[in-house]
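Participant: Got a structure for you, written out below as structure tokens; questions coming shortly.
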Amino acid sequence: MTSPQLHPENKSSFDFSAITSRPYAIFGVVIASLLVINQIYYSHVMSSSNLSSSSSSPSYDLSFTPLVEILNTRNPGEYSPWKQELYTRLDHMRSKCGVPCSINSIDDFYKFATRGYPGGTRGSSSTTTTTSSPGIITADKEPTGSNSEVRLEVPINCQQIFELKEIDAGDMTFPPAPPEELVPLYTLGGSIPVVPNEVLKSAYLNGNDKLIWTREDVETRKELLKKGELTGTYGIPETNKVRDFILNKMSLYGKSVLVIGSENPWLEVAALLAGAAKITTLDYVKIESLHPKIDAYTPSAFRAAYLDGRLGTTSTNTFDVILSHSSLQHSGLGRYGDALNPWGDVLSLARAWCVTKDGGEMMLGLPTCSKDNVLWNIHRCYGPLRWPLITMNWVKIDGEDYSYEADGIGSAIGVLHAFKKVS
């Protein structure tokens, strides 16, 4: 309907009778117009909402060929009970954990790679031309190391990941190399070399040993750390660097803290020194803490506590801060009596992400190389591929590099980064 118009050059042409003679008709038209406008607006909002949902949580092809099928096809005349059990467990894990277990090649990596803060455009390794968009990651914009701004945005189903008891499985086999069927999964389809090394057997997960942390011992360590005299795990200089990082770059006062991997309570006393209100330690080894501010869990007990809603701030089942230093690189390599798991480190940190409050922080320290590698069965060394992979859905907010003695095998580059959780 065309409304009467008032033109400055022809004021006398405006006919008021067009309105006053049909008040009820005009009223009806106004109401009808408002309803149409409202419907258009609502449809636009819903369309935008659906687009946003589709772009942030698109459907992914998570199909895969089961390892058991690959094994039986390659070796039809042979039967390995160990492999059958291991692969059955990994196949079930992969079918339930979703996208975090589906990034097993460079192409998969680039599907989720962005640059910088949340909302960066995803790229593809098949893209060969450079785009002017600052967010996209393409094959000619290869990530360059731990200081790269490349990051992965990945949907995570926390309930399913915590329900997977297979993640916490133990195995005392200590294989000298990863089975050939698992090599592509450990190496992003052959992009990361596996370097043979002396196989270490440091079985905590299935061991009967238990550590006891007394209140007196913890407080003594705290005083030593305050004076810069605590040896920690990697020596006094490295312990002091981590202490200073926590004190200067993290905010722990009055907060709940999860420490991942701490054979002796050096990170815990650093958290206490920074004013943490409550600390929970997660480690393969059984720990009995007699300090009122420190609790300790093995992986299976931690999983059960999460499913029961008993972790961190119990009203939310979350922690304010995560601390982990030189621990996650071992997950899934079998060195500590844990079962082989190509996604062990990724899933360990995915669980940590799940139990971190929105906007919570994390300090993560990992051995770092210019190029990724797996030193079997010692540890992974993180480079431009596995740093973004393990820290999916986290954004770096600070960082520091330094050297330390790693696992008694010589000098390595240790990298500490502070992250913020992206929901």
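Participant: How many of the residues making up the stretch 385-415 are at pLDDT below 85, open to solvent by less than 60 Å² (accessible area, probe 1.4 Å) and either outside any strand (DSSP E or B) or in contact with a helix residue (DSSP H, G or I) (Cβ under 6 Å, 6 or more places away or on another chain) (or both)?
Facilitator: 5
Participant: Consider only pairs whose beta carbons are under 7 Å apart and that are at least six residues apart or on different chains; among these, list those whose first residue lies in the stretch 226-244 and is basic (Lys, Arg) and whose second residue is at pLDDT below 95 and outside any helix (DSSP H, G or I).
Facilitator: Taking only residues 6 or more apart or on different chains, the pairs are Lys241/Tyr402.
Participant: Suppose we filter Ser59, Ser54 for residues that are modelled with pLDDT under 80, out of contact with any Phe, Trp or Tyr (no Cβ under 8 Å at 6 or more places or on another chain), among the hydroxyl-bearing types (Ser, Thr, Tyr) and surrounded by 10 or more Cβ atoms within 10 Å (Cβ to Cβ); which single one remains?
Facilitator: Ser54
Participant: Which pairs have Cβ atoms under 6 Å, sit 6 or more apart or on different chains, and link a residue in the stretch 66-84 that is under 14 Å from Leu182 (Cα atoms) to one that is of a type in the set (A, V, I, L, M) and open to solvent by less than 80 Å² (accessible area, probe 1.4 Å)?
Facilitator: Leu67/Leu90; Lys83/Leu71
Participant: Answer with yes or no whether Arg89 is at pLDDT 90 or above, open to solvent by 30 Å² or more (accessible area, probe 1.4 Å) and not aliphatic (A, V, I, L, M).
Facilitator: Against the criterion (at pLDDT 90 or above, open to solvent by 30 Å² or more (accessible area, probe 1.4 Å) and not aliphatic (A, V, I, L, M)), Arg89 qualifies.
Participant: State all residues of the stretch 383-399 that are in contact with a Gly (Cβ under 9 Å, 6 or more places away or on another chain) and farther than 16 Å from Leu349 by Cβ; if no residue qualifies, say none.
Facilitator: Within the stretch 383-399, Gly383, Pro384 meet the criteria.
Participant: Would a scan of the stretch 232-250 turn up a residue that is at pLDDT 95 or above, of a type outside the set (A, V, I, L, M) and outside any helix (DSSP H, G or I)?
Facilitator: No, there is no match, as no residue in the stretch 232-250 is at pLDDT 95 or above, of a type outside the set (A, V, I, L, M) and outside any helix (DSSP H, G or I).
Participant: I would also like to ask the following. Inside the stretch 67-92, can you point out the residues that are of a type in the set (Asp, Glu) and closer than 17 Å to Asp171 by Cβ?
Facilitator: Residues satisfying the conditions are Glu85, Asp91.
Participant: Can you give me the number of residues within the stretch 251-290 that are in a loop (DSSP other than H, G, I, E, B), out of contact with any strand residue (DSSP E or B) (no Cβ under 6 Å at 6 or more places or on another chain) and over 16 Å from Ser327 (Cα atoms)?
Facilitator: Residues flagged as in a loop (DSSP other than H, G, I, E, B), out of contact with any strand residue (DSSP E or B) (no Cβ under 6 Å at 6 or more places or on another chain) and over 16 Å from Ser327 (Cα atoms) within the stretch 251-290 amount to 7.
The values are calculated or read from the model by the stated rules, or taken from the named source; none is laboratory data. If you're wondering where the values come from, they're calculated on a predicted model, not measured in any experiment. No Cβ is skipped: glycine too gets one built from the backbone with ideal geometry, and neighbour counts run over all protein chains shown. Side chains included, ligands, DNA and RNA excluded: accessible areas come from the protein's heavy atoms. Shrake-Rupley method; radii C 1.70, N 1.55, O 1.52, S 1.80 Å.
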